[in-house]
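Novice: Dumping the structure here so I can ask a few things about it.
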Amino acid sequence: MPEMPATPAVCPSLMSADPLRLGEQVSALLDAGARVFHVDVMDGWFVPNLMLGTETTRGVAGLARPRGGRVDVHLMVESPREAIGWYAPHADMISVHVEADPHPHQLLSEIREAGCLAGLAINPGTPVEMVLPLVERLDYVNCMGVNPGFSGQSFIPETLGRLGALRDLLPPRVAVQVDGGIGPANIADARAFGADLLVSASAIFGADDPVASYADLAERVASA
Ligand code: DX5
Ligand code: ZN
């Protein structure tokens, strides 16, 4: 089982990377110190969008892993059970949505059995207490800051309180991830409320200089 990456960590979300320059952008972010690359997987059913397949994930893993980078796969799909097996060879961490399947205990065990850290993702409308019965099988909780499906959405402000509640509910070994709407205006707050893994897509890749934007976010987290 891989170790949890060093935290706090800013995790570039590759759904907003330039698909024709993906390798170049991942390499530049590795040079800048990024070590956790967030790969959003969307099936057009659980969320209204289609995103990042196994071959792209394999390519990112091949580039990032030899340099100490990790691949964090966020499954936003209606049938996560099958997808775990498809993505696990190219992933170090996999999160599944508690809303997607009535048997999250089994899914989390299958993620670990597949050799990855197990994450549970929760939508903004899902009570944080849902994670409690699953704590023993969890390595991280992905607390969504937006309703999943698209990058560039506004951060839902109640998420900060949810991060704090999760940090209080969870043992220290379970990392808290925040995903969606994170940028320079709120990343320090998200860190201060307890987020260990801070995912960002549009704030990094929507900038003229993604590396400079990543470095700025990492600096804000380090001094939060
Ligand atoms: C949203 C995805 C996020 C997304 C974040 O459904 O899960 O990972 O890439 O995008 P931003 O940072 O632009 O909100
Ligand atoms: Zn995501």
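Any read-out appearing in this document is the output of simple, stated calculations on the displayed coordinates, not a laboratory observation. Quick caveat, the model's predicted, so the values are computed rather than measured. Methodologically, a virtual Cβ is constructed for each residue, glycine included, from the backbone with ideal geometry; neighbour enumeration extends over all protein chains shown.
Novice: With within 13 Å of ligand 2 (Cβ to nearest atom) and surrounded by fewer than 23 Cβ atoms within 10 Å (Cβ to Cβ) as the only criterion, which of G164, G125, G115, G149 stands out?
Specialist: G149
Novice: While we're on this one: Quick check on segment 211-223. Is at least one of its residues closer than 17 Å to L29 by Cα, in contact (Cβ under 8 Å) with a residue 12 or more places away in the chain and of a type in the set (D, E, K, R)?
Specialist: yes
Novice: Ok, one more. Which condition breaks for G23 when tested against (1) crowded, with 16+ Cβ neighbours inside 10 Å; (2) farther than 21 Å from N123 by Cα?
Specialist: Tallying (1) crowded, with 16+ Cβ neighbours inside 10 Å; (2) farther than 21 Å from N123 by Cα, G23 fails exactly one: (1).
Novice: A follow-up question, please. Output the number of residues of segment 12-44 satisfying the condition of being under 16 Å from A207 (Cα atoms), within 16 Å of ligand 2 (Cβ to nearest atom) and either without any contact (Cβ under 8 Å) to a residue 24 or more places away in the chain or of a type outside the set (A, V, I, L, M, F, W, C) (or both).
Specialist: Residues in segment 12-44 being under 16 Å from A207 (Cα atoms), within 16 Å of ligand 2 (Cβ to nearest atom) and either without any contact (Cβ under 8 Å) to a residue 24 or more places away in the chain or of a type outside the set (A, V, I, L, M, F, W, C) (or both): 3 in total.
Novice: Do we find a residue being outside any loop (DSSP other than H, G, I, E, B) and not polar (S, T, N, Q) anywhere in segment 142-155?
Specialist: Yes, segment 142-155 contains a residue that is outside any loop (DSSP other than H, G, I, E, B) and not polar (S, T, N, Q).
Novice: If you don't mind, there's one more thing I want to ask. Would you mind stating whether M15 is touching a strand residue (DSSP E or B) at 6+ places or on another chain (Cβ under 7 Å), within 16 Å of ligand 1 (Cβ to nearest atom), outside any helix (DSSP H, G or I) and of a type outside the set (D, E, K, R)?
Specialist: no
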